[in-house]
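Reading through the structure tokens given below for one structure.
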Amino acid sequence: MVIITGPTLSLAVKLIQRLKNIFEPKLGIIFQNKETVLELNGCTIEAFPSNHLDSFRSLTNPAFVKRNV
């Protein structure tokens, strides 16, 4: 799953951190990924800033793409 955020990387980091904060206290999971990636139960969610979409284009067959406005 790919989430495309606004033009800055900090917004992508904040969004993934909010998702991690939902699961960490309830499930006791410590995520070892980078700050823009969340891997949970075989699903990888990655956030990209809208001004660096080249790295998003290299992904093979993403199941879902969400643009966050």
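The values are calculated or read from the model by the stated rules, or taken from the named source; none is laboratory data. Keep in mind that what you see is a predicted model, and the values were worked out from it rather than measured. What goes into the accessible areas is simple: the full protein's heavy atoms, side chains included, and nothing from ligands, DNA or RNA. Shrake-Rupley method; radii C 1.70, N 1.55, O 1.52, S 1.80 Å.
So here's what we get for this one:
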quantity	calculated
SER50 open to solvent by less than 100 Å² (accessible area, probe 1.4 Å) and at pLDDT below 65	no
GLY6 vs. criteria open to solvent by 60 Å² or more (accessible area, probe 1.4 Å) and at pLDDT 75 or above	no
Counted residues, region 12-30 - those being open to solvent by 70 Å² or more (accessible area, probe 1.4 Å) and under 18 Å from THR44 (Cα atoms)	7
